[in-house]
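The block underneath contains the structure these notes are about, expressed in structure tokens.
Read the figures in this text as sums done on the coordinates, not as results from a lab. Computed from a predicted model, the values in this text were never measured in an experiment. Backbone-built Cβ (ideal geometry, glycine too); neighbour counts: all protein chains shown.
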Ligand SMILES: [Zn+2]
């Protein structure tokens, strides 16, 4: 009988850990699904400057020949927090979060758009 009770205790612990991992896994999966595929694409004067995953919070200094803009990505949104352009239209535009939305800084010939990630990177095949 002793063996049986200890077996069940072990089984309970294993079950608890399994449930915990399952919960954590589905939480991460859900986060991944919500944000998968969205990429922030920055172009300067019509050429690609860089792409950044929308899911990763970061601050990026975009330096163009005409001036610089500070790109902020946070919580699945992206905006220009600072710029040395004369009109600050890009800063006043505020945050964008959906595919196809665009922030323009005409004095710097800069555009920031949200696009769908093409083809799916290594992240896409991990599930
Ligand atoms: Zn601007």
Practice task
For region 37-117, build the convex hull from the C-alpha positions and give me its volume per residue in Å³.
Solution key: 73 Å³
Exercise for the section: Would you mind getting me the FRET efficiency between residue 27 and residue 95? Use the beta-carbon distance for r and R0 = 25 Å, nearest 0.05. Expected result: 0.50
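What length, rounded to one decimal in nm, is gained on full extension from residue 20 through to residue 84, with 0.36 nm per residue of separation minus their alpha-carbon distance?
Stretched out fully, the residue 20 to residue 84 stretch lengthens by 18.2 nm.
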